[in-house]
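Data block below; observations after.
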Amino acid sequence: MIEAVLFDFGGVFTASPFDAAGSDQMRELIFGPYDQDTEHPWHRLERGELSLAAARELIIALGAREGVDSDPFAMFERMGRDGGGREARTSFVERTRKLRGSGYHTALVTNNVSEFSRAWRRMVPVDELFEVVVDSSEEGVRKPDPAIFQLTLERLGGIQPECALFLDDHLGNVVAAEALGIRAIQVEAEPTAALAALDALLAERA
């Protein structure tokens, strides 16, 4: 029986920031190998080990070695012009509200940046939607490290992995959750299928 539903933020409640990075090379330079937890500057930023300014300098230096401009601030500007990542998906907000109102435990498990905290928390009614918020930059651990999922389940009162369901746009994070026994759904750019899969799994394991 599913007792808890865990959600990623970017790419689930908003459009994915990976799309704004453009090419595969640029995504790798800015975000590093995202299906791993490494010493890449962005990973260290998401673990709260670097400031955004320090990470930006290191990422620009990585791009310079490849002869390209990998300034992540240019990516942020593109996101601002296109509107990507700035508006919450009301379908996920409403579905999460209904889940919590129906008695499910809900949690947000996000790889995030401390400098962005005030902005993304204004996009959705965080306290209303989520019983627990686990932000990588506050906890010093990030997906796909299994410790972040274990921490979340502990804070939800010790829910067992097989009683939890997780939604994330990045396949590496989905695989990491599944390795712990958590059922997981990958959210695509068009989120309708993920919501249908969520409903199906909840009905199946009711």
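Quick notes on this structure:
- Members of the stretch 176-201 that are farther than 13 Å from F166 by Cβ and either touching a residue at least 60 places away in the same chain (Cβ under 8 Å) or in a strand (DSSP E or B) (or both): A189, P191, T192, L195
- Pairs where the first residue, in the stretch 67-84, is part of a helix (DSSP H, G or I) and the second is modelled with pLDDT of 85 or more and open to solvent by less than 50 Å² (accessible area, probe 1.4 Å), C-beta under 6 Å, 6+ apart: P72/I30; P72/I59
- Within the stretch 142-169, the residues that satisfy the criterion of being surrounded by 22 or more Cβ atoms within 10 Å (Cβ to Cβ), part of a loop (DSSP other than H, G, I, E, B) and touching a strand residue (DSSP E or B) at 6+ places or on another chain (Cβ under 8 Å) are K143, D169.
- A count restricted to the stretch 122-138 and to residues that are crowded, with 16+ Cβ neighbours inside 10 Å and in a helix (DSSP H, G or I) stands at 3.
- Qualifying residue in the stretch 32-49 (condition: more than 19 Å from the chain's Cα centre (by Cα) and either β-branched (V, I, T) or open to solvent by 30 Å² or more (accessible area, probe 1.4 Å) (or both)): no
- The stretch 15-33, residues that are acidic (D, E) and modelled with pLDDT under 85: D19
- Test for E57: is it surrounded by fewer than 20 Cβ atoms within 10 Å (Cβ to Cβ), touching a helix residue (DSSP H, G or I) at 6+ places or on another chain (Cβ under 9 Å) and more than 22 Å from V124 (Cβ to Cβ): yes
- Residue in the stretch 98-120 that is in contact with a Leu (Cβ under 6 Å, 6 or more places away or on another chain), part of a helix (DSSP H, G or I) and surrounded by 13 or more Cβ atoms within 10 Å (Cβ to Cβ) present: yes
- Residue within the stretch 67-76 that is under 25 Å from A177 (Cα atoms) and of a type outside the set (F, W, Y) present: no
The values are calculated or read from the model by the stated rules, or taken from the named source; none is laboratory data. As the structure is a prediction and not an experimental result, all values here were calculated from the model. Virtual Cβ from ideal backbone geometry, glycine too; neighbours counted across all protein chains shown. The area values use the complete protein model at the heavy-atom level, side chains included, leaving out ligands, DNA and RNA. Shrake-Rupley method; radii C 1.70, N 1.55, O 1.52, S 1.80 Å.
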